[in-house]
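Notes for the one structure printed next.
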Number of protein chains: 2
Amino acid sequence: MADSTDDRRFMAAAIALSERGRGLSTPNPNVGCLIVRDGVVVGRGWTQKGGRPHAEAQALDQALDQARGATAYVTLEPCFHLSARGPRCADLMARAGVTRVVIALRDPDPRTDGQGAEHLRARGIQVEMGLMAQEAASAMCGFVLRQTLGRPAVTLKLGLSLDGCIALKNGSSRWITGEAARAHAHLERARHDAILVGGGTLRADKPRLDVRLRGLENRSPRRLLLSRGAAPKGWEAIEHPGDIAALAHVDHLLIEGGAAAAASFLHADLVDRLLLYRAPILIGSGLPGLGDIGLSDLAQAHGRWRLTDERKLGEDRLEVYERQRSA
Amino acid sequence: MADSTDDRRFMAAAIALSERGRGLSTPNPNVGCLIVRDGVVVGRGWTQKGGRPHAEAQALDQALDQARGATAYVTLEPCFHLSARGPRCADLMARAGVTRVVIALRDPDPRTDGQGAEHLRARGIQVEMGLMAQEAASAMCGFVLRQTLGRPAVTLKLGLSLDGCIALKNGSSRWITGEAARAHAHLERARHDAILVGGGTLRADKPRLDVRLRGLENRSPRRLLLSRGAAPKGWEAIEHPGDIAALAHVDHLLIEGGAAAAASFLHADLVDRLLLYRAPILIGSGLPGLGDIGLSDLAQAHGRWRLTDERKLGEDRLEVYERQRSA
């Protein structure tokens, strides 16, 4: 029996695995799964491209007979609903002889929503639900927001000078941040299903928005344009920020610029996460990172953003802020 | 005999003491001094208001007979030049029977510049110079810059939203940062001899620029105005940033606003330290923190600022950047 410290450690590993499927697993949630027997990891899985195989199926496939009597750590309640695309994970678990299942997040999908856990318990399997649920929800934020708010999780990326500029007044923005920060931003692209820019950025920068990191070239996301006009070849246009709700197979959306597009999503309160890449430079009377977000009173601005991560990237610093919403 | 770890520990304490005189000790440097005998601190001193008594005199006064055979840690080479205002510290040390003197920074004042140390050595006292010299120079930066560049050390304070704004477009700036950040900013006021604002800030905000912290009310600095016009009562006007060189008894100058005044000092490369108080809020199309600083090429902006300190202040964060100048 693992003690609770071990449980947290294994669940943290499962959550880390789940991150590998982020931006890749739609229409399924990016679940992570670890099979542990006598303290040894015997199987690891995460939801694969396009949603199959599921994390549990992949992990059990690795564990083979060693799954018998093992504990499974899974970031989302194993699915219980029947699908033409593959078996139910709750069935797979039971059949493999797993005797304990530790679940982070109860599946908000009404087709499962507790029934996966019930099914396991009915088969005599010990089930614990709720361990590190918040961390798991954060790793699967796109899926969770699809279920709860009916739209993708939206990340806004800004590359800023210390005084909040994204370019000189003449538009020059090469480079504000250094190589390490730019590489990290490409990694973030790979974690999203789609990237959006505004019409001005498309015209000015002609961005490729691809993932230029070796080994991740095939992870380049779909390209979206916020524009009333038609999209060029290889792009899809949406007219309003709210239109993201209707985008199929987009659970994680990255907004990359410019100031007007960023502001229109903030104005609509459709940004869940800020990635601030900050270079230790001052620009002075340059182009600001954000246009009008509809703020008329400073008091309204407070209590919305919480710093959840930060790191040094070469000379630059990344800060991650998450939108605080009352439940 | 103290080992080198102890030496560093005691010198760090002497440097911390020296900070108490910052903004207070002109026309003398804000020196700190510790007298240690058999590992026990028997005297502590820092340069007092107006420059006298010197740190060494105060520390020796506490130590009395216990100074005999003790080690003195002093952040600046003891003065050797004769003054009508008080005795030479090199003499005081020798007379008190101190047998070892550890000095951080050699005095750049040509009237001492090594002669204080020589004098001590000639009296049979063991002298070591250079321990934590950089940290000591940083704590006495106003004095050091007076000696090397002929002007005070200049700190620029900015209270910013994450997107670099100092106010809404309508000018409203109450409040961006919270109470803890504002209290810290008042503490910084007490560490400066003078505070400067521009004409626009004076007209718009009518700032008192005083230190509103209990027990430090009498530490409110002189008030300077960057303006071609006349200064109101209780204020002094300077026309150009370069005029700060001529200000008597100002070793540490704080620039508090607004964007134009800040930019003119940056344009003249007369800012040595940035205090960025950053609130976790977004404003969007507000008033930027900086006006034109004369930057025409992003490459010029890099390599100038280095993060030297940071801390959380309530919900806000303070970042301290120092200007990197080649020697």
Open item on the list: Just checking, does the stretch A:270-281 include any residue being in contact (Cβ under 8 Å) with a residue 40 or more places away in the chain, among the hydroxyl-bearing types (S, T, Y) and crowded, with 22+ Cβ neighbours inside 10 Å?
Closed with: yes
Open item on the list: Which condition from (1) polar (S, T, N, Q); (2) surrounded by fewer than 20 Cβ atoms within 10 Å (Cβ to Cβ); (3) farther than 30 Å from A:G198 by Cα is the one that A:T112 breaks?
Closed with: (2)
TODO: Answer yes or no as to whether B:L187 is away from every other protein chain (no Cβ under 14 Å) and within 24 Å of A:I281 (Cβ to Cβ).
DONE: no
TODO: May I ask you to say which residue of A:R106, A:R151, A:R146 is touching a strand residue (DSSP E or B) at 6+ places or on another chain (Cβ under 9 Å), surrounded by fewer than 21 Cβ atoms within 10 Å (Cβ to Cβ), closer than 22 Å to A:E19 by Cα and not β-branched (V, I, T)?
DONE: A:R106
Task: Residue ID - farthest from the chain's Cα centre (by Cα), chosen from residues in the stretch B:243-258 that are within 14 Å of chain A (Cβ to nearest Cβ) and at pLDDT below 95 - done: B:G258
Task: When residues of the stretch B:142-177 are limited to those that are in a loop (DSSP other than H, G, I, E, B) and hydroxyl-bearing (S, T, Y), the one farthest from B:Y321 (Cα to Cα) - done: B:S172
Task: Filter result for B:A94 (closer than 23 Å to B:R123 by Cα and either modelled with pLDDT under 95 or among the polar types (S, T, N, Q) (or both)) - done: yes
Open item on the list: Need the failing condition index for B:A263 against (1) facing chain A (nearest Cβ under 9 Å); (2) more than 20 Å from B:S161 (Cα to Cα); (3) out of contact with any strand residue (DSSP E or B) (no Cβ under 8 Å at 6 or more places or on another chain), just the number.
Closed with: (2)
Task: Only listed residue being within 26 Å of B:R317 (Cβ to Cβ), in a loop (DSSP other than H, G, I, E, B) and within 18 Å of the chain's Cα centre (by Cα), chosen from B:L290, B:L282, B:L270, B:L276 - done: B:L270
- [ ] Determine if the stretch A:151-161 includes at least one residue that is away from every other protein chain (no Cβ under 14 Å), modelled with pLDDT of 95 or more, in contact with a Phe, Trp or Tyr (Cβ under 9 Å, 6 or more places away or on another chain) and under 30 Å from A:M93 (Cβ atoms).
- [x] yes
Task: Selection from the stretch B:4-22 of residues that are of a type outside the set (A, V, I, L, M) and either in contact (Cβ under 8 Å) with a residue 12 or more places away in the chain or touching a strand residue (DSSP E or B) at 6+ places or on another chain (Cβ under 7 Å) (or both) - done: B:D6, B:D7, B:R8, B:F10, B:S18, B:E19, B:R20, B:G21, B:R22
Task: Matching residues, the stretch A:23-41, being assigned to a loop (DSSP other than H, G, I, E, B) and either touching a residue at least 60 places away in the same chain (Cβ under 8 Å) or more than 19 Å from A:F10 (Cα to Cα) (or both) - done: A:G23, A:L24, A:S25, A:T26, A:P27, A:N28, A:P29, A:N30, A:V31
Open item on the list: Considering only the stretch A:301-322, I want to know if a residue exists there that is closer than 17 Å to B:G286 by Cα, outside any loop (DSSP other than H, G, I, E, B), of a type outside the set (D, E) and at the interface with chain B (Cβ under 10 Å from one of its Cβ atoms).
Closed with: yes
Open item on the list: I want to confirm something. Restricting to the stretch B:17-48 and keeping residues that are surrounded by fewer than 18 Cβ atoms within 10 Å (Cβ to Cβ) and within 14 Å of the chain's Cα centre (by Cα), which single residue is modelled with the highest pLDDT?
Closed with: B:E19
Task: Test: A:G303 is on the phi > 0 side of the Ramachandran plot and surrounded by fewer than 17 Cβ atoms within 10 Å (Cβ to Cβ) - done: yes
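Results for (1) assigned to a loop (DSSP other than H, G, I, E, B); (2) of a type in the set (K, R); (3) touching a Gly at 6+ places or on another chain (Cβ under 8 Å), shown as yes or no for each residue.
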site: A:A90; (1), (2), (3): no, no, yes
site: A:R95; (1), (2), (3): no, yes, no
site: A:V102; (1), (2), (3): no, no, no
site: A:D109; (1), (2), (3): yes, no, no
site: A:E128; (1), (2), (3): no, no, no
site: A:L131; (1), (2), (3): yes, no, no
site: A:E135; (1), (2), (3): no, no, no
Open item on the list: Could you list, ordered by first residue, the pairs with Cβ atoms under 8 Å in which the first is in the stretch A:114-136 and basic (K, R) and the second is at pLDDT 95 or above, at least 6 apart or interchain?
Closed with: A:R121/A:V127
Open item on the list: Please determine whether any residue of the stretch B:80-88 is crowded, with 17+ Cβ neighbours inside 10 Å and at pLDDT 95 or above.
Closed with: no
Task: Top-ranked residue in the stretch B:220-264 [being part of a helix (DSSP H, G or I) and without any contact (Cβ under 8 Å) to a residue 24 or more places away in the chain; ranked as surrounded by the most Cβ atoms within 10 Å (Cβ to Cβ)] - done: B:D243
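The values are calculated or read from the model by the stated rules, or taken from the named source; none is laboratory data. What you see is a predicted model, and the numbers here were worked out from it, not measured in a lab. Neighbour counts are summed over all protein chains in view; Cβ atoms, including those assigned to glycine, are modelled from backbone coordinates with ideal geometry.
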